[in-house]
Amino acid sequence: MLAKRIIPCLDVKDGRTVKGVNFVDLRDAGSAVDLAELYSRTGADELVFLDITATVENRGTMTALVRSVSDRISIPFTVGGGIRSEDDVDRILSAGADKISVNSAAVRSPSLIDTLSRRFGSQCVVLALDAVTNPAMASGYETVVDGGRTPTGIDALSWAREAESRGCGEILVTSMDADGTKGGFAVDLTRVISGNISIPVIASGGAGTMADFREVFVEGMADAALAASVFHFHEIDIPELKEYLRENGIPVRMGR
(Lines give C-alpha, C1' and ligand atoms only; values in the text may rest on other atoms or scores of the structure.)
Protein backbone atom coordinates (compact mmCIF):
# COMPACT_ATOMS: atom_id res chain seq x y z
CA MET A 1 0.00 0.00 0.00
CA LEU A 2 1.26 3.48 -0.86
CA ALA A 3 2.17 5.72 2.04
CA LYS A 4 -0.57 8.12 3.08
CA ARG A 5 0.38 11.78 2.91
CA ILE A 6 -0.01 14.44 5.60
CA ILE A 7 -0.42 17.92 4.11
CA PRO A 8 -0.59 21.19 6.04
CA CYS A 9 -2.53 23.95 4.33
CA LEU A 10 -1.64 27.62 4.45
CA ASP A 11 -4.76 29.70 3.81
CA VAL A 12 -3.23 33.09 3.06
CA LYS A 13 -4.79 36.55 3.18
CA ASP A 14 -2.72 39.73 2.90
CA GLY A 15 0.48 37.70 3.25
CA ARG A 16 -0.51 36.10 6.56
CA THR A 17 -1.77 32.60 7.31
CA VAL A 18 -5.36 32.69 8.53
CA LYS A 19 -7.93 30.14 9.62
CA GLY A 20 -11.65 30.31 10.26
CA VAL A 21 -14.74 28.14 10.57
CA ASN A 22 -16.72 27.32 7.41
CA PHE A 23 -14.41 29.77 5.55
CA VAL A 24 -15.45 32.79 7.70
CA ASP A 25 -14.43 34.43 11.02
CA LEU A 26 -10.76 34.33 10.07
CA ARG A 27 -8.01 34.65 12.69
CA ASP A 28 -4.29 35.13 12.22
CA ALA A 29 -2.11 32.03 12.43
CA GLY A 30 1.30 33.51 11.68
CA SER A 31 3.79 34.05 8.90
CA ALA A 32 3.17 31.85 5.87
CA VAL A 33 6.90 31.61 5.17
CA ASP A 34 7.82 30.64 8.73
CA LEU A 35 5.06 28.04 8.98
CA ALA A 36 6.03 26.54 5.62
CA GLU A 37 9.63 26.17 6.74
CA LEU A 38 8.53 24.56 10.01
CA TYR A 39 6.36 22.00 8.25
CA SER A 40 9.06 21.16 5.73
CA ARG A 41 11.50 20.58 8.58
CA THR A 42 9.17 18.51 10.78
CA GLY A 43 7.94 15.86 8.39
CA ALA A 44 5.08 17.16 6.27
CA ASP A 45 4.88 15.26 2.99
CA GLU A 46 3.64 18.19 0.95
CA LEU A 47 2.36 21.72 1.43
CA VAL A 48 -0.68 23.49 0.02
CA PHE A 49 -0.81 27.29 -0.25
CA LEU A 50 -4.25 28.82 -0.96
CA ASP A 51 -4.60 32.52 -1.63
CA ILE A 52 -8.16 32.48 -0.31
CA THR A 53 -9.33 35.91 -1.49
CA ALA A 54 -7.67 36.06 -4.92
CA THR A 55 -10.76 34.85 -6.78
CA VAL A 56 -13.33 37.07 -5.06
CA GLU A 57 -10.95 40.05 -5.31
CA ASN A 58 -10.44 39.25 -9.01
CA ARG A 59 -6.64 39.21 -8.91
CA GLY A 60 -3.79 36.78 -9.39
CA THR A 61 -2.02 34.80 -6.69
CA MET A 62 0.74 36.59 -4.75
CA THR A 63 3.78 35.46 -6.73
CA ALA A 64 6.41 37.04 -4.49
CA LEU A 65 5.08 35.19 -1.45
CA VAL A 66 5.03 31.93 -3.40
CA ARG A 67 8.70 32.47 -4.27
CA SER A 68 9.57 33.23 -0.65
CA VAL A 69 7.89 30.04 0.55
CA SER A 70 9.50 27.95 -2.17
CA ASP A 71 12.95 29.21 -1.22
CA ARG A 72 12.54 27.90 2.34
CA ILE A 73 11.09 24.41 1.84
CA SER A 74 12.22 21.07 0.43
CA ILE A 75 8.85 19.32 -0.06
CA PRO A 76 6.34 19.42 -2.95
CA PHE A 77 4.30 22.60 -2.94
CA THR A 78 0.84 23.20 -4.44
CA VAL A 79 -0.50 26.72 -4.98
CA GLY A 80 -4.09 27.77 -5.61
CA GLY A 81 -6.26 30.85 -5.64
CA GLY A 82 -6.93 33.16 -8.55
CA ILE A 83 -5.48 30.82 -11.21
CA ARG A 84 -7.41 31.30 -14.44
CA SER A 85 -5.00 30.84 -17.35
CA GLU A 86 -1.86 29.22 -18.71
CA ASP A 87 0.04 32.43 -17.98
CA ASP A 88 -1.03 32.27 -14.32
CA VAL A 89 0.23 28.69 -14.06
CA ASP A 90 3.48 29.48 -15.81
CA ARG A 91 4.05 32.36 -13.39
CA ILE A 92 3.34 30.24 -10.30
CA LEU A 93 5.45 27.28 -11.41
CA SER A 94 8.29 29.67 -12.32
CA ALA A 95 8.07 31.08 -8.79
CA GLY A 96 8.81 27.62 -7.39
CA ALA A 97 5.52 25.73 -7.03
CA ASP A 98 5.40 22.07 -8.06
CA LYS A 99 1.66 21.94 -8.72
CA ILE A 100 -1.26 24.33 -9.05
CA SER A 101 -4.85 23.92 -7.97
CA VAL A 102 -7.85 25.29 -9.82
CA ASN A 103 -11.34 25.64 -8.44
CA SER A 104 -13.84 28.36 -9.43
CA ALA A 105 -12.26 29.09 -12.82
CA ALA A 106 -12.38 25.40 -13.77
CA VAL A 107 -16.04 25.07 -12.77
CA ARG A 108 -16.90 28.07 -14.94
CA SER A 109 -14.72 26.89 -17.82
CA PRO A 110 -14.02 23.14 -17.53
CA SER A 111 -11.84 23.14 -20.65
CA LEU A 112 -9.24 24.98 -18.55
CA ILE A 113 -8.34 21.59 -17.06
CA ASP A 114 -7.74 20.12 -20.55
CA THR A 115 -5.58 23.09 -21.50
CA LEU A 116 -3.46 23.04 -18.37
CA SER A 117 -2.97 19.27 -18.27
CA ARG A 118 -1.88 19.21 -21.91
CA ARG A 119 0.67 21.98 -21.47
CA PHE A 120 2.00 21.30 -17.96
CA GLY A 121 1.13 17.63 -17.40
CA SER A 122 -1.59 16.03 -15.30
CA GLN A 123 0.82 15.70 -12.38
CA CYS A 124 0.83 19.51 -12.06
CA VAL A 125 -2.95 20.01 -12.07
CA VAL A 126 -4.98 19.58 -8.89
CA LEU A 127 -8.72 20.20 -8.83
CA ALA A 128 -9.86 21.84 -5.61
CA LEU A 129 -13.46 20.72 -5.15
CA ASP A 130 -15.45 22.46 -2.40
CA ALA A 131 -18.70 20.67 -1.55
CA VAL A 132 -21.72 21.02 0.70
CA THR A 133 -24.36 18.50 1.66
CA ASN A 134 -27.36 18.68 -0.65
CA PRO A 135 -29.82 15.76 -0.73
CA ALA A 136 -31.15 16.99 -4.08
CA MET A 137 -27.86 15.98 -5.75
CA ALA A 138 -27.42 12.39 -6.97
CA SER A 139 -24.31 11.92 -4.79
CA GLY A 140 -25.77 13.92 -1.89
CA TYR A 141 -23.21 16.70 -2.34
CA GLU A 142 -23.15 19.93 -4.36
CA THR A 143 -20.12 21.76 -5.74
CA VAL A 144 -19.72 25.35 -4.53
CA VAL A 145 -17.31 28.08 -5.68
CA ASP A 146 -15.97 31.50 -4.66
CA GLY A 147 -14.68 30.21 -1.32
CA GLY A 148 -17.99 28.48 -0.65
CA ARG A 149 -20.05 31.59 -1.31
CA THR A 150 -21.75 30.45 -4.52
CA PRO A 151 -23.72 27.22 -5.12
CA THR A 152 -23.41 25.81 -8.65
CA GLY A 153 -26.12 23.18 -8.97
CA ILE A 154 -23.39 20.74 -10.03
CA ASP A 155 -23.18 17.35 -8.37
CA ALA A 156 -19.80 16.96 -6.64
CA LEU A 157 -19.15 13.40 -7.84
CA SER A 158 -20.16 14.26 -11.39
CA TRP A 159 -17.72 17.17 -11.38
CA ALA A 160 -14.92 15.03 -9.93
CA ARG A 161 -15.41 12.44 -12.67
CA GLU A 162 -15.44 15.10 -15.37
CA ALA A 163 -12.28 16.71 -14.01
CA GLU A 164 -10.54 13.33 -14.04
CA SER A 165 -11.60 12.72 -17.63
CA ARG A 166 -10.25 16.14 -18.62
CA GLY A 167 -6.80 15.35 -17.24
CA CYS A 168 -6.43 16.59 -13.67
CA GLY A 169 -4.02 14.45 -11.67
CA GLU A 170 -5.45 14.78 -8.18
CA ILE A 171 -8.54 16.12 -6.40
CA LEU A 172 -8.54 18.09 -3.16
CA VAL A 173 -12.00 17.57 -1.65
CA THR A 174 -13.02 20.10 1.00
CA SER A 175 -16.20 19.72 3.00
CA MET A 176 -17.56 23.22 3.55
CA ASP A 177 -19.83 21.81 6.25
CA ALA A 178 -16.89 20.43 8.23
CA ASP A 179 -14.27 23.09 7.51
CA GLY A 180 -12.72 24.49 10.68
CA THR A 181 -15.17 22.72 12.99
CA LYS A 182 -12.66 20.14 14.28
CA GLY A 183 -15.50 17.63 14.38
CA GLY A 184 -13.80 15.18 12.03
CA PHE A 185 -13.36 14.89 8.28
CA ALA A 186 -16.44 14.40 6.11
CA VAL A 187 -15.77 10.70 5.71
CA ASP A 188 -18.88 9.97 3.65
CA LEU A 189 -18.11 12.75 1.16
CA THR A 190 -14.50 11.63 0.87
CA ARG A 191 -15.53 8.02 0.28
CA VAL A 192 -18.10 9.02 -2.36
CA ILE A 193 -15.38 10.75 -4.37
CA SER A 194 -12.41 8.45 -3.73
CA GLY A 195 -14.45 5.29 -4.29
CA ASN A 196 -15.57 6.39 -7.74
CA ILE A 197 -12.48 7.86 -9.40
CA SER A 198 -9.00 6.46 -10.00
CA ILE A 199 -6.80 9.49 -9.28
CA PRO A 200 -5.62 10.38 -5.75
CA VAL A 201 -8.00 12.19 -3.39
CA ILE A 202 -6.90 14.59 -0.64
CA ALA A 203 -9.44 14.94 2.18
CA SER A 204 -9.84 18.40 3.69
CA GLY A 205 -12.02 20.04 6.30
CA GLY A 206 -12.78 19.12 9.89
CA ALA A 207 -9.61 17.58 11.35
CA GLY A 208 -9.65 17.80 15.13
CA THR A 209 -7.90 14.70 16.50
CA MET A 210 -5.33 12.18 15.36
CA ALA A 211 -8.12 9.59 15.23
CA ASP A 212 -9.84 11.72 12.59
CA PHE A 213 -6.88 11.19 10.27
CA ARG A 214 -6.96 7.45 10.77
CA GLU A 215 -10.70 7.39 10.08
CA VAL A 216 -10.49 9.31 6.82
CA PHE A 217 -7.69 7.05 5.58
CA VAL A 218 -9.48 3.83 6.52
CA GLU A 219 -13.17 4.67 6.13
CA GLY A 220 -12.89 7.55 3.67
CA MET A 221 -10.34 5.81 1.44
CA ALA A 222 -8.34 9.05 1.16
CA ASP A 223 -4.84 9.06 -0.28
CA ALA A 224 -3.85 12.14 1.70
CA ALA A 225 -5.28 14.30 4.47
CA LEU A 226 -4.97 18.06 4.68
CA ALA A 227 -5.39 20.21 7.77
CA ALA A 228 -4.65 23.73 8.90
CA SER A 229 -5.49 25.05 12.37
CA VAL A 230 -4.68 21.86 14.29
CA PHE A 231 -1.16 22.12 12.88
CA HIS A 232 -0.80 25.91 13.01
CA PHE A 233 -1.75 26.13 16.70
CA HIS A 234 0.16 22.94 17.70
CA GLU A 235 -2.91 21.01 18.75
CA ILE A 236 -1.43 18.19 16.68
CA ASP A 237 2.22 18.04 15.63
CA ILE A 238 3.09 16.10 12.50
CA PRO A 239 5.81 13.80 13.95
CA GLU A 240 3.45 12.62 16.70
CA LEU A 241 0.60 12.23 14.21
CA LYS A 242 2.70 10.08 11.93
CA GLU A 243 3.85 7.91 14.82
CA TYR A 244 0.21 7.44 15.87
CA LEU A 245 -0.82 6.48 12.34
CA ARG A 246 2.07 4.06 11.97
CA GLU A 247 1.16 2.39 15.27
CA ASN A 248 -2.40 2.05 13.98
CA GLY A 249 -1.43 0.33 10.77
CA ILE A 250 -1.52 3.31 8.41
CA PRO A 251 1.55 3.43 6.13
CA VAL A 252 3.28 6.83 6.36
CA ARG A 253 6.74 8.17 5.59
CA MET A 254 8.63 8.64 8.83
CA GLY A 255 11.35 11.24 9.26
CA ARG A 256 13.14 13.18 6.55
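When 184, 153, 147 are checked against the criterion of being closer than 20 Å to residue 214 by Cβ and not in a helix (DSSP H, G or I), a single residue qualifies: 184. Filtered by the rule that a residue be in contact with a helix residue (DSSP H, G or I) (Cβ under 8 Å, 6 or more places away or on another chain) and at positive phi, the stretch 198-231 gives 206, 221. Looking at residue 197, is it in a loop (DSSP other than H, G, I, E, B) and at pLDDT 95 or above? So residue 197 passes the test. Among the numbered conditions (1) in contact with a Gly (Cβ under 9 Å, 6 or more places away or on another chain); (2) modelled with pLDDT under 95; (3) on the phi < 0 side of the Ramachandran plot; (4) buried (at least 22 other Cβ atoms within 10 Å of the Cβ), the only one that residue 256 does not meet is (4).
Each row is one residue, and each column tells you yes or no for (1) at pLDDT 90 or above; (2) in a helix (DSSP H, G or I); (3) closer than 20 Å to residue 105 by Cα.
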residue	(1), (2), (3)
44	yes, no, no
54	no, no, yes
58	no, no, yes
64	no, yes, no
79	yes, no, yes
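How many residues, within the stretch 222-256, are without any contact (Cβ under 8 Å) to a residue 60 or more places away in the chain and among the basic types (Lys, Arg)?
Here the count works out to 1.
Starting from the stretch 90-113, keep only residues that are in contact (Cβ under 8 Å) with a residue 12 or more places away in the chain, then list their pairs with residues that are of a type in the set (S, T, N, Q) and assigned to a helix (DSSP H, G or I) whose Cβ atoms are within a distance under 6 Å, requiring at least 6 positions of separation or different chains. As it stands, the answer is 91/63; 95/63; 96/70, since those pairs meet every condition given. Just to verify a result, which residue in the stretch 67-81, among those that are within 12 Å of residue 49 (Cα to Cα) and not polar (S, T, N, Q), is surrounded by the most Cβ atoms within 10 Å (Cβ to Cβ)? The qualifying residue surrounded by the most Cβ atoms within 10 Å (Cβ to Cβ) is 79.
Yes/no per residue for (1) out of contact with any Pro (no Cβ under 9 Å at 6 or more places or on another chain); (2) surrounded by 19 or more Cβ atoms within 10 Å (Cβ to Cβ); (3) not small (Gly, Ala, Ser):
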position: 124; (1), (2), (3): yes, yes, yes
position: 127; (1), (2), (3): yes, yes, yes
position: 151; (1), (2), (3): yes, no, yes
position: 170; (1), (2), (3): no, yes, yes
position: 180; (1), (2), (3): yes, yes, no
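Residues in the stretch 95-122 that are part of a helix (DSSP H, G or I), at pLDDT below 95 and touching a helix residue (DSSP H, G or I) at 6+ places or on another chain (Cβ under 9 Å): 105 only.
When 222, 207 are screened for being within 14 Å of the chain's Cα centre (by Cα) and more than 13 Å from residue 172 (Cβ to Cβ), only 207 passes.
The values are calculated or read from the model by the stated rules, or taken from the named source; none is laboratory data. Since the model is a prediction, treat every value here as computed from it, not as a measurement. In this analysis, Cβ positions are derived from the backbone assuming ideal geometry, glycine residues included, and neighbour counts consider all displayed protein chains.
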